[in-house]
Each structure stands twice: as C-alpha cells, then as structure tokens.
Amino acid sequence: MNWKPNPLLVIGLVAATAPIVAHAKIYVSVEQAQKILIPNKSLVKNPMIITDELQDKMRSASSIRHPFQGDRIWRAVDGSWFIVDEVVGKHEMITYAVALNPSGAVTGIEILEYVESYGYEVAEVNWRKQFAGKTAADPIKLNQDIQNIGGATLSCKHLTDGVKRVAVLYDIALKNMNLSLKAK
Amino acid sequence: MIRCKPLLGTFVEIRIEDESPSLKALDKAFLAIEQVQSLMSFYNLDSELFQINARSHLEPIRIHPWTAEVLTIAKEVHLQSQEVFNCGVGHRLVEAGLLPRHHNLNHDSFGGIEDLQLIEPSLVRSSLPLCLDLGGIAKGYAVDKAVEVLMANGIQTGSVNAGGDIRVFGDRSQGIQIRNPLKPHELIQIGSMKEGAIATSSLYFANRNTSSTSFMVNPLNQEYIELSESYSVIANRCVYADALTKVVSISRNILHPCLNYFSAQAIRIPSTESL
C-alpha cells in the first residue's frame, strides 16, 4: 500500500483545494454495450411507437414518471432484445441497457452514462444537451476528470424500477412481436 | 476502458487502463462480484447467509470458501475492535425497515458473530440464533475478489469501485476523491494511492426523510448511529477498509488501536462549511 495524503488536507485546509463538482461519466457506447450484453449476434433496430396505454402500464409497474422512448430497441434473430432506457432521479440520471433473452428474462444490465447533479432543476432540463457535440474521444477525457470517487453510496433502487418497466414492455409488446415474427 | 453495472445494491465500476485489454477479464471480474452477492446477500433467499441465519443454530452449515473467508475476517475484526464491529445487527436493521423481514424474529435474543464457529474450514454452526448482515464487509471483499480476477487475467493497472469502496492496483499512483459530507456533489481530492484500498462511511445518501433511520447500528448498545461527518479508512485490502470504517465511525476514533493491527489508517472529513 502506498498512500500519499493531499498535504492541504493534512493541515486542515480542505477549503483551499478547489472543490471538484461531480458531473458525468460515460462508460460504454450503445454499440459497445451491444457487444458486451449480446455478443456474436447481429442486432436489428426495432423502433416502436409506445401507445398511451402501454406508457401508462409501464408507469404504474415501475413508478417512473418520465415517458419511455421506443426508438432505442434492438432485436436479434433468435428473439433476444436489447433496450436502452434512462431513469431520472432527484440526484442522478442514468442511461442503461438491458438485454433480454427470447423468453424475456434479463440476461444483463450495463450502465452507459451516469450523470450526477444535485438539485431538482436538472430533472427538468433536457440533460442530453450536456452531451451535444461530444465525440468518441470525449468519454475518455470525462472519465479522467473524475476518478475513483469514494463515499458514493447512491442506491441502485431507481435503476431496478427502470428494469421493471422494460419487463412490462416485453410482456405487453415485445413478446407478441417475437410470436408474430416466428409465425411468419 | 471503464464499465459499470448495478450490483451489491449500488453501482460497481471497473476500470482498466491497459491498452487493448482482455474484455473477458472484465466479464470475469463482474462475475466474481455477482458471486459474492449471491453467496452473501441478506436479500437473497438462496444465499448462504440466509441459510446461516435460518439454520446455523440448529445444524452445521457447509459454506463456500469465500463466505468462510468473509466470516473469518468478520470475527477477526470483531475481536480486534473490542466488539465495536459486529455483523450480528441484522435484526435491528430489519426492525428499522432497512432490510427485508424474512426471518422469524421471534427469538428472544440473537447472538453475534462471536457465537458463530467455523468447526471446519467451510463448515459453520452457531450456539445462538443469528441475524447476521454482511453489508458492512462483503462489498469490500467483492472488490478484492474482482481485483484478484483482473490481476490473474493479466491486467496491469486499474481500479474497482463498488459504491465508494475502492481498490486500485498497478504501478501508477491514482488520485482519490471523496465527497464533501455537507455537499455530496462536491469532491475533495484527499490524496493519491498506488496498490491499496479505501472505504468510506457516511450517511449523506441514505434516504433521510423524517421516518427513516440510520443504516448503521452500534453493536455494543444496539442504537442507531447518527453521523453528519464521514470517515474513510485506507488499508491494503478493501475488505479491511470496509469493515474498519464501521469501527472508526461507530467509535468516532480515527486512532482506534485496531487500525494499527490491520496496517490501516483513518481520515475524518467533518461536516462544516469551514471544512
């Protein structure tokens, strides 16, 4: 073990170190997540229009209020699904990918982006704007800016709710799509 | 490359700095964490921890070497900390609604980790009914296991962070930031580390509405701990850092004698504007 404390901290001058504000982490791209969660299978984009009725059912099953976007759904030939969604909490916004096997069981979850901010206002703004203009080179830089954060005991409960609504999506919509594609 | 998955009730980040790293190594490291979760989760009715709590006072229970190792370390820290660390507080967390109620809590009293004996390296039994919660130690252990897997698969440099329990490895010094307990979105650069672990105890992200209770219980008087500051412990292995943060935050003593025994050191970050 080799530990070097920040000398300003040792003499009790933490305030002298400019605070770093936790912002955002981009982990993997959609394409990388597809390779991680559903390796060696080609995925075809399968966007869906989410009816109000489906939207309501997903909402009541998960208690997540912001609408699900149906344009980030992919399907593999064998009936596996890859879905990208996000959960917006009071203090965080998480974009994540879920893989489902042909019978709808979750086979993997991968976090794509984690945006942390404090305060209620962030849930209101179109937070994706923060990433407008970012290129493939930027995630690396973002990740280098914020490393190794200790004491972050944020629970992943909110994300669990997100996965619940994806399960509802499968039950109500994707399952039938698998059946009708099989029938063809 | 850096990946993140929801595991252990939090977000687990694995970062590897090697160029063109083996992706299999990352997958295996996440699997090791999943295995710790499935063996030692209080929530999981199939976990070995559940079996220990349900039956170890009735009959010996055979357990996985990893579970046995965590229990052995838990006993060691319990002993060295003069009982400040004890995982036998699960029933108090259940009563507070912080853990699910799936045990018969009608026992008159529960024993502590000291009542659990390893009668063989992977065989345990208890002299009293138990309600152990490994939440204060298993996360750190999972981080260590993930690091071991990465290193065994040829990864040179990286880090594993399970909701703030961090271990770094490789020959490069890595900066460590922790949250300001008063303003958790602000990070404080507390130092840099090469080959080591740090864990932090604080309550700033607990759901602190009026009805909720602290998720830390003092094993000596069974009372809930209130904490506005945060404590971090630096150690060689994350399992020790994780367990020792409980010792330090319960005793509020960053010079607790057992730190020395485990070659660890502690840092207190006060919760004041004038920090």
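What follows draws every value from the coordinates through simple rules; no lab data is involved. Treat the numbers as computed from the prediction; the structure is a model and nothing was measured. A quick note on method: Cβ atoms are made from the backbone with ideal geometry, for glycine too, and the neighbour counts reach across all protein chains shown.
What is the distance in Å between the Cα centres of segment A:30-65 and segment B:118-156? If you average the Cα positions of each part, the centres end up 35 Å apart. If you take all other residues with their beta carbon under 13 Å from the beta carbon of A:Thr107, and give Lys and Arg +1 and Asp and Glu -1, the sum is -2.
Measuring nothing but how far apart in sequence close Cα pairs (under 8 Å, 6+ apart) lie, relative to its length, chain B scores a relative contact order of 19 percent.
If the reach is capped at under 16 angstrom between alpha carbons, list the aspartates and glutamates near A:Lys164, excluding any in the same chain fewer than eight residues apart. Partners found: A:Asp56, A:Asp85, A:Glu86, A:Glu110. Counting, for every residue in B:171-182, the Cβ atoms of other protein chains within 10 Å of its Cβ and taking the mean gives 4. Rounded to the nearest 0.05, the FRET efficiency derived from the C-beta distance between B:Met151 and B:Leu118 at R0 = 35 Å is 0.80. For chain B, the square roots of the Cα gyration tensor eigenvalues, ordered a ≥ b ≥ c, give a/c of at least 1.5 with a/b no greater than b/c, which places it in the oblate category.
Can you give me the C-alpha center-to-center distance between segment B:175-204 and segment B:69-94, rounded to a whole angstrom? Each part reduced to its Cα centre gives a spacing of 24 Å. The calculated 222 nm mean residue ellipticity attributable to helices in chain B amounts to -9000 deg cm²/dmol, summing -39500 (n - 2.57) over DSSP H runs of n ≥ 4 and dividing by all residues. By the beta-carbon count within 10 Å of each Cβ, the least crowded to most crowded order of B:Lys145, B:Lys183, fewest first, is B:Lys183, B:Lys145. Across q = 0.11, 0.18 Å⁻¹, segment A:24-93 modelled as identical point scatterers on its alpha-carbon atoms has Debye log10 I(q)/I(0) values of -0.34, -0.85, in the order of the q list.
Taking other C-beta atoms within 10 angstrom as a stand-in for reagent exposure, B:Leu259, A:Leu179, B:Leu150 fall in the order A:Leu179, B:Leu259, B:Leu150, fewest first. Taking 14 Å as the straight-line reach from the Cα of A:Lys41, the aspartates and glutamates in range (excluding those fewer than 8 positions away in the same chain) are A:Glu31, A:Asp78. For the residues of B:195-202, the average number of beta carbons from a partner chain within 10 Å of their own beta carbon is 3. For B:Lys75, the aspartates and glutamates whose Cα comes closer than 19 Å to its Cα, not counting residues fewer than 8 places off in the same chain, are B:Glu48, B:Glu83, B:Glu114, B:Asp115, B:Glu120, B:Asp133, B:Asp144, B:Asp242. Inter-chain Cβ neighbour count for A:103-115, averaged per residue, equals 2 (cutoff 10 Å, partner chain atoms only).
Cβ crowding within 10 Å, taken as a proxy for footprinting-reagent exposure, orders B:Val84, A:Val88, B:Val143, A:Val30 from fewest neighbours to most as A:Val30, A:Val88, B:Val84, B:Val143. An oblate overall shape is assigned to segment B:125-194, the ratio a/c of its alpha-carbon gyration tensor axes (a ≥ b ≥ c) being 1.5 or greater and a/b not exceeding b/c. Scattering from segment B:45-158 was approximated by placing one identical point on each alpha carbon and applying the Debye formula without solvent; log10 I(q)/I(0) at 0.17 1/Å stands at -0.83. Other residues with beta-carbon under 11 Å from the beta-carbon of B:Gly196 carry, at +1 per Lys or Arg and -1 per Asp or Glu, a net charge of +3. Every Cα-Cα pair of segment B:229-275 was included, and the share exceeding 17 Å stands at 26 percent. Under the simplified labelling scheme, the B:His107-B:Arg172 pair shows an inter-label distance of 4.8 nm, with each label point 7 Å from Cα along Cα→Cβ.
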